[in-house]
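The values are calculated or read from the model by the stated rules, or taken from the named source; none is laboratory data. Owing to the predicted nature of the structure, the values given are computational and were not obtained by experimental measurement. As a convention, Cβ positions derive from the backbone with ideal geometry for all residues, glycine included, and neighbour counts pool all protein chains shown. For the accessible areas, the whole protein counts, side chains as well, though only heavy atoms, and no ligand, DNA or RNA atoms are used. Shrake-Rupley method; radii C 1.70, N 1.55, O 1.52, S 1.80 Å.
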Amino acid sequence: MHVTNGERPLEDGIRTDFSRSMDYGAYLELDAVLGAQHPRSTPAHHDEMLFIIQHQTTELWLKLVLHELLSARDLLDADELPVALKRLARVKAVLRTMTEQWSVLSTLTPSEYAEFRGTLGTSSGVQSYQYRAVEFLLGNKNERMLAVFASRPDVHRTLSRLLDEPTLYDAFLRLLARRGHAVPAEVLDRDVRTPWVETAELLPVFRRVYESTDTDWDVYAACEDLVDLEDAFQVWRFRHLRTVQRTIGMKTGTGGSSGVGFLRRALDLTFFPELLGVRTLIGT
Ligand code: HEM
Ligand SMILES: N[C@@H](CC(=O)c1ccccc1NC=O)C(=O)O
């Protein structure tokens, strides 16, 4: 059928009666999602809507990242490496999208932000429990971060439980051991509640993986996927830092930290240090 008078005719088959069946908004619970943006500035500051939506969309993506990472870890435990890698591929794509999203927030000038920053009170991204869960799952365990959630017992319990569980890297190293790689016993028995500590004894293990790709290709591919993941995460952290720097300069944060200095120190952290360390040894 042709488009006539500039209007696309509705096809006869297009449903219009949803009195007895589910429609788009009902399936997606859009009334709840789209009813959750409430700027607090009075009179409402035009740019506060951007600030809220930027955070909410990031939290939605973090929900998916967590869903995929938990599944990837469990798949590693079940020796389903190819499916686990499929999960990680999706996480990488989401992280890239989250990173590009900073360019939207970069349209917020320091003057605009200063006009409604006061309405944020003591709230801060440091209180993002989904972000903390992702950090824990990737190995940046830090029991002291739980203190921030003392007034949210449900969140505190969930994060404390996650702190007790093995990380994605723990699960990967256990899989390597089951496949006959010489992962040291101290690594397999480590206290998973503590942050990962760089372990030089793992370097020869990874060196073998990187130098004999013909025997264990999927393990080699998994190592590179973990490095990609770490890269993608660091780039997100870096864009956050730069956005904060251009928006509030050296002001202290609403969460009580030094601000830029606190965020910069996160860039020194690495989830999988041996996967970076092994690169120095390749071909030597
Ligand atoms: C104008 C925009 C933003 C500014 C000025 C800003 C500023 C800050 C500052 C100063 C901190 C340090 C903690 C504190 O004392 O408050 C922080 C932490 C954090 N922010 Fe933002 N932020 C912005 C946007 C965002 C967005 C869009 C997200 C996405 C959810 C986010 C997530 C986080 C997270 C997860 C932390 C904790 C980081 C860590 O523990 O290493 N921030 N932010
Ligand atoms: N920490 C920020 C405030 C902030 O960014 C924020 C406040 C409320 C909800 C989310 C936030 N985003 C990230 O920290 C600041 O010091 O301006």
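Taking a straight Cα-Cα cut-off under 23 Å and skipping sequence neighbours fewer than 8 places away in the same chain, the lysines within cross-link reach of Lys63 are Lys86, Lys92, Lys141.
For the range 64-86 versus the range 165-216, the spacing of their alpha-carbon centroids is 17 Å. Along its first, second and third principal axes, ordered by size, the range 5-123 spans 54, 47, 30 Å in Cα coordinates. In this calculation the C-beta distance from Asp77 to Glu7 is compared with R0 = 41 Å, giving a FRET efficiency of 0.15.
Using only the alpha carbon atoms of the range 95-254, find the Kirkwood hydrodynamic radius as the inverse mean reciprocal pair distance, in angstroms to one decimal. Could you put the intermediate results ahead of the total?
Details: mean 1/r = 0.0540 Å⁻¹.
About 18.5 Å, per the Kirkwood formula over Cα pairs.
Considering only His240, Gly277, Leu267, the residue lying farthest towards the positive end of the dipole of the range 191-284 is His240, judged by Cα position with unit charges set on Cβ. Here the simple spin-label model places points 7 Å from the Cα toward Cβ, and for His55 and Thr252 these points are separated by 2.0 nm.
Each residue, Arg96 and Val235, gets one label point 7 Å from its Cα in the Cβ direction; the gap between the two is 0.7 nm.
Above 28 Å lies some portion of the pair distances; for the chain, what is it as a whole percent of all C-alpha pairs? The answer is 49 percent, as a whole percent.
Could you give the size of the charge dipole of the range 1-101 about its Cα centre, using +1 on the Cβ of each K and R and -1 on the Cβ of each D and E, expressed in debye and rounded to the nearest 20?
Details: 11 positive and 16 negative charges, 56 e Å.
About 280 debye.
Computed from point charges on the beta carbon alone (+1 for Lys and Arg, -1 for Asp and Glu), the dipole magnitude for the chain about its Cα centre is near 880 Debye.
Arrange the residues Glu29, Glu80, Glu48 by how much accessible surface each exposes, largest first, with a 1.4 angstrom probe.
Details: Glu29 120, Glu80 85, Glu48 5 Å².
The residues order as Glu29, Glu80, Glu48, largest area first.
Within the chain, the longest run free of trypsin sites (Lys or Arg not before Pro) that sit in a DSSP loop with at most 11 other Cβ atoms within 10 Å is 21-284. Residue farthest toward the positive end of the dipole of the range 26-120, with Cβ of Lys/Arg at +1 and Asp/Glu at -1: which of Ala32, Leu69, Gln56? Of the candidates, Leu69 comes out farthest on the positive side.
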